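What follows is one structure encoded as structure tokens, with my remarks underneath.
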Amino acid sequence: MPEFLYDNRLYYNPVEFAMSRIGGAWKMPILWRLKTRIMRYGELKKDIGKVTHKMLTAQLRELEADGYISRKVYPVVPPKVEYSLTERGRDVIPVIDMIRQYGLNLMDEMGVEHPGTA
């Protein structure tokens, strides 16, 4: 496939393009946690664990800008914000599930103990 430009960035293949949207250490875990329920920021932060406030905020903003999640703000004090998957976000869950399953299988093959959930 020939290279292509999108949003002033050069891509060499569709995998690179897709991974620029959902790749990295935190985007797939965020999407995975939102697959079955709506979550607030604090719930995500607590459930994911080691992600910093700055990184979680940045990743949520990118996922929202790319159309994977929806952010709903309630006009209350203190502010209440909820995150949920959009249709695009739901479409990527089977891809994440396949990558997750591959990772679990690879861990088994290499004798790595499963630390828990995604």
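What follows draws every value from the coordinates through simple rules; no lab data is involved. Computed from a predicted structure; not experimentally measured. Note: ideal-geometry Cβ built from the backbone for every residue, glycine included; neighbour counts use all protein chains shown.
Tabulated data for the structure shown
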| quantity | calculated |
| --- | --- |
| Difference of contour (0.36 nm per residue) and Cα-Cα distance, VAL112 to VAL77 | 8.0 nm |
| Pair GLU43, PHE4: separation of 7 Å Cα→Cβ label points (nm) | 3.6 |
| Helix-derived mean residue ellipticity, 222 nm - over the chain, DSSP H n ≥ 4, -39500 (n - 2.57), to 500 | -16000 deg cm²/dmol |
| Per residue Cα convex hull volume in Å³ - calculated over the range 7-118 | 132 |
| Most to least packed among 105-114, 30-39 [average Cβ atoms within 10 Å] | 30-39, 105-114 |
